[in-house]
Amino acid sequence: MLVLLFTALLSPMVRALPAWTAATAGEGAWLTGLLAFPVLLAMGWIFRGLFHAAPADSGLAQIFQTVLGKVLGGGLTIIYGIWALFLLCLQARLYGERMLATGYRNASVTVFLAVLLALVLWMGRKKLSAFTRATEVFYLALALALGLVLAVSIQDLTPENVLPVWVSDLPGAAAATLVPLGVAGAGVFMAFLGGQITVVEGDRRRCVRWLAAGCLVMAALQFAVLGQLGPDLSAQLEEPFFEVARGVGINGAFQRVESVVVALWAFSDLALLGLLVFACRNMSETLWGERGRKWSVPVVVALTFLGAVFLFPDDFTAQGAASEGVLFGNLLLGFGVPALLRLVQKVKRAGGRAHI
């Protein structure tokens, strides 16, 4: 499940970082990945408390109803479901536009969407364990591509674009840390699958290691891109990481691996869409039982296709929607609501003990 979460967040990570952080933090933008670690660690502690105090085999939707009651909990679940559907439509459209921009400008975006969503539909109707095993393969391919781009690009970076970082740069970096936190906020949908995760000894340390690795990857990604392009150019580009990948090559071996990297990045899109679909399936099953489980995946995939085509008819609309509004929604639902829910849970438990 940690592999699934890491793989799914790679796609929004390369889109939002470092383009959005460079505009605020300049050459110190790469520090935002490191500064996000203590906040994410604290949120992990909050989620651990939520699940530890909940009945066994509970996902986040079940915790909503346990803490807030069936009506309020069900309403909050619907809000999360609507947001998941919005992210599905947006991410599918951004995937299609990325494929068109890479070298298929004369193709129809609906073809790319149909192929991707057909895979999502097929995998979403299977067991979650089968999907997580598939994402392990996706992770290996993406890790190889990411490592190749970072290793080659760091050799050619301009140190003045990223170093030195002065104390005066820290306030801007701290403010820009909201960007990686907003990206990580989409990982809240993993919590809806918590009832299907078997907890074993050592999971806490394993989670901390993956979290630290993810923050280091965010820092390295921004360090490499900013070092190559500089903060000004990085802030102007939509996805500067793929611009850096365009120039990756080794004389006598290979040149211009951008198309390969973009094609492999479809694995991350597939992992993110699959995660959101499985979360929606869990929400539907919580609200409407087995009947909701059966029809949820086809309906969600169909709505995703329609929303990607009609709600975001062009790249300009999609990029506009994928700006600060998405980060704010992820921060609110990924951090704010769970923190408040944990507070309510602790107050109710304390009141119950006092009453007894």
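The values are calculated or read from the model by the stated rules, or taken from the named source; none is laboratory data. Please read all numbers here as calculations on a predicted model, not as lab measurements. Heads up, the Cβs are rebuilt from the backbone with ideal geometry, glycines too, and the neighbour counts pull from every protein chain shown. Protein only, heavy atoms only, side chains kept; ligands, DNA and RNA dropped before computing areas. Shrake-Rupley method; radii C 1.70, N 1.55, O 1.52, S 1.80 Å.
For Ser284, neighbours were defined as the other residues whose beta-carbon sits under 12 Å from its Cβ, and their charges (Lys and Arg +1, Asp and Glu -1) total +2. Shape class of segment 139-208 from the alpha-carbon gyration tensor: oblate, with a/c at 1.5 or above and b/c at least as large as a/b.
Comparing mean-square fluctuations of Glu27, Glu290, Glu136 from a GNM of the chain with C-alpha springs under 10 Å, the top value falls on Glu290.
What a 1.4 Å probe finds exposed on segment 284-356 is 70% carbon and sulfur by accessible area, rounded to a whole percent.
Only Cα pairs under 8 Å and 6+ residues apart enter the sum, and on that basis the relative contact order of the chain stands at 39 percent.
A crude spin-label estimate for the pair Thr317 and Leu340, with each label 7 Å from Cα along the Cβ direction, gives 3.1 nm.
Taking the C-alpha atoms only, the angle from helix 109-124 to the longest principal axis of the chain is near 40 degrees. With springs only between Cα atoms under 10 Å apart, run a GNM on the chain and tell me which of Ala36, Ala308, Ala212 wobbles the most. Fluctuation is largest for Ala212. Our compactness index for segment 177-245, the C-alpha radius of gyration over the empirical 2.2 N^0.38 Å, is 1.46.
Helix 70-103 and the longest principal axis of the C-alpha atoms of the chain enclose an angle of approximately 20°. Within the assembled protein chains, the solvent-accessible surface assigned to Phe86 is about 60 Å², based on a 1.4 Å probe.
The residues of segment 106-157 expose, per residue, 55 Å² of accessible area to a 1.4 Å probe.
Extension gain for the segment Ile82 to Ala302, taken as residue separation times 0.36 nm less the Cα-Cα distance, is 77.8 nm to one decimal. Between Asp203 and Leu237, the FRET efficiency estimated from the beta carbon spacing at R0 = 35 angstrom works out to 0.35.
Of the solvent-accessible surface of segment 26-89, computed with a 1.4 Å probe and all protein chains present, 75% belongs to carbon and sulfur.
Distance from the Cα centroid of segment 259-290 to that of segment 190-206 is 18 Å (rounded to whole angstrom). For the chain, the longest principal axis of the Cα atoms and the long axis of helix 337-355 meet at an angle of about 30 degrees. Of Glu160, Glu97, the residue with the largest accessible area leads and the full order is Glu160, Glu97 (1.4 Å probe). Computed over the chain, the per-residue total of -39500 (n - 2.57) for DSSP H runs of n ≥ 4 gives a 222 nm mean residue ellipticity of -25000 deg cm²/dmol, rounded to 500. For the chain, modelled as a GNM whose springs connect Cα atoms under 10 angstrom apart, the maximal fluctuation among Ala29, Ala130, Ala174 occurs at Ala130. Full extension of the segment from Gln196 to Arg246, taken as 0.36 nm per residue of separation minus the current Cα-Cα distance, would add 14.0 nm.
Extending 7 Å from the Cα toward the beta-carbon at both Val111 and Lys126 defines two label points whose distance is 2.6 nm. In a fully extended conformation the segment linking Arg291 and Phe310 would gain 4.0 nm over its present Cα-Cα distance, using 0.36 nm per residue.
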